[in-house]
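What follows is one structure encoded as structure tokens, with my remarks underneath.
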């Protein structure tokens, strides 16, 4: 009797991994779940790649031209809402993205010929509240804007910008964000 019990116990120990093992259906379910997870990861990676490709396409969303530079002192009446004197650049921005744009956010920077940063300000290039021609900047459309820099006469670089002609300065535009009319947004930060 003891011998029979021993054989049964050995038999059960030998078969237990097979008796407790997963069925083929359970294994298939687990494999299908893993495949779905892998597909999601691949889609996420492809989405990141597409976004990076789009960012590469729009490294320079606008071409710009500086038309003129002026110094605008603040008068007494404007002191209530204006912070102070300004250096104003009159600029043209041309949409070269190939798509209609609602807004382009960026930084306009003034440097000297050697590349030393003198002044910078953040700008939004858009046609806000222009109900006649529409508020979107169409491909290859040009928008004229005033870009104002706060002037501080205590800073020598500000005085240099005020006294120099536009030919002695270098103006740069660094895009931060492009918001397209279809709702897509590309960040450059």
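No lab work stands behind these numbers, since they all come straight from the coordinates. Here the structure is a predicted model, which means the values were calculated and not measured. Please note: Cβ atoms are built from the backbone with ideal geometry, for glycine as well, and neighbour counts cover all protein chains shown.
Output the residue which, of all residues in the range 91-140 that are more than 30 Å from residue 164 (Cβ to Cβ) and touching a helix residue (DSSP H, G or I) at 6+ places or on another chain (Cβ under 9 Å), is surrounded by the fewest Cβ atoms within 10 Å (Cβ to Cβ). First the steps, then the outcome.
Step one: filter the range 91-140 for residues more than 30 Å from residue 164 (Cβ to Cβ), giving 97-103, 127-140.
Applying the additional criterion that residues be touching a helix residue (DSSP H, G or I) at 6+ places or on another chain (Cβ under 9 Å) yields 97-98.
Numbers: 97: 18, 98: 11.
Selected residue: 98.
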Restricting the range 171-183 to residues that are touching a residue at least 40 places away in the same chain (Cβ under 8 Å) and surrounded by fewer than 16 Cβ atoms within 10 Å (Cβ to Cβ), the one farthest from residue 139 (Cα to Cα) turns out to be 172
If we take the range 96-189, then strands (runs of 3 or more DSSP E) inside it with 1 or more residues that are within 25 Å of the chain's Cα centre (by Cα) and over 24 Å from residue 85 (Cα atoms) are 101-112, 142-150, 169-180, 185-187
